[in-house]
Amino acid sequence: MKKLFFLLCLLGFYSCAGYAPIFSTENSSFYIGNIINTNDDKITKKLSRNLDNKKLKDDSKKNYTLKISSDKKIVVVSRDPSGDALTYEIIISVVVNVFYNNEDKPVNTLKFSSNFSYNNQKNKFNLDQYRRTIEENMIDKISQDIVVKLLLNFRVFTGL
C-alpha cells in the first residue's frame with residue numbers, strides 16, 4: 001500500500017513539471033502599441049506605467065492602441081452627530097477605448113470601477129498615507145483587469 005501511494009505521488013510530481021505562467025509577455029497574442037492618456041492625472045500615468053511591459057517591441061505584431069480616461073471620487077459615507085466624517089469611500093472609474101491596428105473607430109470600450117471604504121483617522125498624515133496605498137492597490141488591480149480583459153477578448157476584437 002505504501003509503495004502504491006509513493007508511486008502515485010511520484011507520478012503526480014512528474015506530471016506537474018510543465019508549469020508556465022499564464023500571463024507571460026513572451027507568449028502574448030497581442031501587444032500595446034500606444035497608450036494615450038486623455039486626462040493627465042496620477043491614475044492614468046500609473047496605469048500607463050503598469051501597462052508599459054506590454055508595449056510593442058516589434059512593428060510586425062498586431063497591436064492595440066489604448067485611450068485611457070479615469071475619474072476618482074472620495075465620498076463621505078457616514079458622519080458622527082457633530083458632523084465630522086467617520087467613514088469614507090474612494091471610487092476609481094477607468095474607461096479604456098481599444099483601437100486595433102491604428103483604426104479610427106474603437107473596437108471596444110472597456111469600463112472598470114473599483115471602490116473601497118475606510119474609516120477616518122485622527123492623524124491626518126497617516127490617513128493620507130493609507131489613502132495613497134489604497135489608491136495604488138486599486139490602480140494595480142485595474143491594470144491587471146485591463147490586461148486580462150484584453151487577453152480574453154483578443155480573438156473577439158480581431159475576429160480570429
Point to revise | Extension reserve of the Ser82-Asp52 stretch, reckoned as 0.36 nm per residue once the Cα distance is removed | key: 6.1 nm
Point to revise | Under 10 Å, Cβ to Cβ, from Ser70 - net charge with Lys/Arg +1 and Asp/Glu -1 | key: +2
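Readers should treat all values here as calculations from the given coordinates under stated rules, not as data from a laboratory. Computed from a predicted model, the values in this text were never measured in an experiment. Here Cβ is always computed from backbone atoms with ideal geometry, including for glycine, and neighbour counts include all displayed protein chains.
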